[in-house]
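Have a look at the structure below, then the notes.
Computed from the coordinates by the stated procedures, all read-outs in this text should not be read as laboratory data. Keep in mind it's a predicted model, so treat the numbers as computed, not measured. In this analysis, Cβ positions are derived from the backbone assuming ideal geometry, glycine residues included, and neighbour counts consider all displayed protein chains.
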Amino acid sequence: MPKTFLIVAAAALMMGFAGSVWISPRAAQSQESKAEKAAHDFVEEIETAASAFEAAFNKGDATALAALFAEKAEVVDEDDNVVTGRDNIRVRFAEIFKKFPKARIEIRITSLKLLAPDVVLEEGISATALEPDAEGSFSPYMAIHLKGNGKWLITNVRDFPAEEGPKTAHDELAALEWLVGDWVDQTDDAKVETSCRWTEDGNYLLQDYVVKLRGGVESRGTQRIGWDPLRKTIRGWAFDHSGGFGESTWTPVNDGWVIKAEGVTPDGKSASVIRILTPLGPDLFDLNSTQRLVGDELLPDARVRVARRPPTPAAH
């Protein structure tokens with residue numbers, strides 16, 4: 001298989017957003033900015049911290065939970081009760097676990113914002129059930145993380161009153177509704193056209209793309225983006241017309257998205273990439289790619305700008 005086609009196919013599989021799958025050699029020389037690198041670095045670290053919180057809570061381990069907080073951390077619950085200091089936070093969790101030894105929690109991060117190199121604002125929803133058979137409550141929360149000595153610690157948490165219930169799949173995807181429409185990006189070497197639409201049931205976004213190279217090589221594919229209620233995140237499933245496929249996870253960060261994707265090329269090579277999607281307005285966005293791996297080959301970081309395609313003039 002020609003190397004050019006392999007790169008196109010692998011990129012198509014790995015797209016968190018199904019357009020812009022071809023990166024010209026000139027654009028591939030672009031290096032991600034320090035802010036972009038920080039974006040995909042801290043996301044995984046905060047997600048790991050959230051998983052550690054879940055695990056400690058579900059084990060009823062108040063000491064492990066308290067260790068995730070800064071020494072002078074502050075927690076404010078939905079009734080405006082305030083607990084200050086790591087030791088007092090440990091005592092408070094121990095009281096909860098003594099009264100409700102089978103309490104369970106699930107954390108869903110809905111937004112992460114890097115306020116400074118060592119400060120992160122996390123927003124999300126916590127689903128808590130105090131008894132195994134009890135109906136759980138869905139409560140919005142906000143947390144501030146501070147990094148020191150290479151470790152993120154929680155300095156402030158604010159819980160808000162419980163919501164009536166979970167959102168629908170359509171509601172969860174509403175933040176990506178602006179992608180609906182036709183998009184295009186073009187270089188001296190290739191042209192990529194992408195079309196995005198809602199499914200009839202409104203629970204998924206469907207994207208079809210076509211990559212046209214100057215040499216005549218063409219790649220086509222489709223992607224379905226939906227809400228994963230088990231993992232509590234937006235995910236994408238991409239399928240190349242030649243038989244390759246891949247999947248991605250989307251995490252909102254600052255004013256854009258960090259998209260982690262992995263899959264298999266048509267000839268059986270593994271592929272993975274991290275992409276940072278940054279909207280520049282309703283009709284334009286940047287897509288920056290890093291850690292692009294196809295088989296054993298590490299490809300250069302790359303950047304492309306994508307524009308909404310204007311409607312085709314009506315025939316007279």
Legend entry - Karplus 3J(HN,Hα) series, Hz, for segment 197-205 with 6.51 cos²θ - 1.76 cosθ + 1.60 (x for Gly, Pro): 8, 6, 6, 4, 7, x, 9, 9, 9
Legend entry - Which of 234, 152, 215, positive extreme of dipole for segment 144-286 (C-beta unit charges): 152
Inset, instruction - Quote the convex hull volume per residue of segment 92-172, based on C-alpha atoms, as a whole number of Å³. - result: 126
Legend entry - Estimated distance in nm for a label pair at residue 264 and residue 137, the labels positioned 7 Å out from Cα along Cα-to-Cβ: 4.6
Inset, instruction - Within the set of other residues whose C-beta is less than 14 Å from the C-beta of residue 60, count the net charge using Lys and Arg as +1 and Asp and Glu as -1. - result: +3
Inset, instruction - Kindly write out, for segment 226-243 in residue order, the coupling ³J(HN,Hα) from the Karplus curve 6.51 cos²θ - 1.76 cosθ + 1.60 (θ = phi - 60°), rounded to whole Hz, with x marking Gly and Pro. - result: x, 9, 9, x, 7, 8, 6, 7, 7, 10, x, 10, 10, 9, 8, 5, 8, x
Inset, instruction - Using Cα positions and a limit of under 30 Å, work out the lysines in reach of residue 113, with same-chain residues fewer than 8 apart set aside. - result: 34, 37, 59, 72, 147, 151, 167, 232, 260
Inset, instruction - Evaluate the relative contact order of segment 224-277 (contact order divided by residue number), counting alpha-carbon pairs under 8 angstrom at least 6 apart; express in whole percent. - result: 25
Inset, instruction - Would you mind calculating the gained length between residue 167 and residue 72 on full extension (0.36 nm times residue separation, minus the Cα-Cα distance), in nm to one decimal? - result: 30.8 nm
Legend entry - Fully extended contour minus Cα-Cα distance, from residue 283 to residue 84, at 0.36 nm per residue: 67.1 nm
Inset, instruction - Compute the Kirkwood hydrodynamic radius of segment 218-316, taking the inverse of the mean of 1/r over all pairs of distinct Cα atoms, and give it in Å to one decimal. - result: 15.2
Legend entry - Label-point separation, residue 55 to residue 182 (7 Å along Cα→Cβ), nm: 5.0
Inset, instruction - Work out, step by step, the length gained on full extension between residue 298 and residue 41: first 0.36 nm times the residue separation, then minus their alpha carbon distance; give nm to one decimal. - result: 90.7 nm
Legend entry - Dimensionless Rg over Rh [segment 36-159; C-alpha; Kirkwood]: 0.96
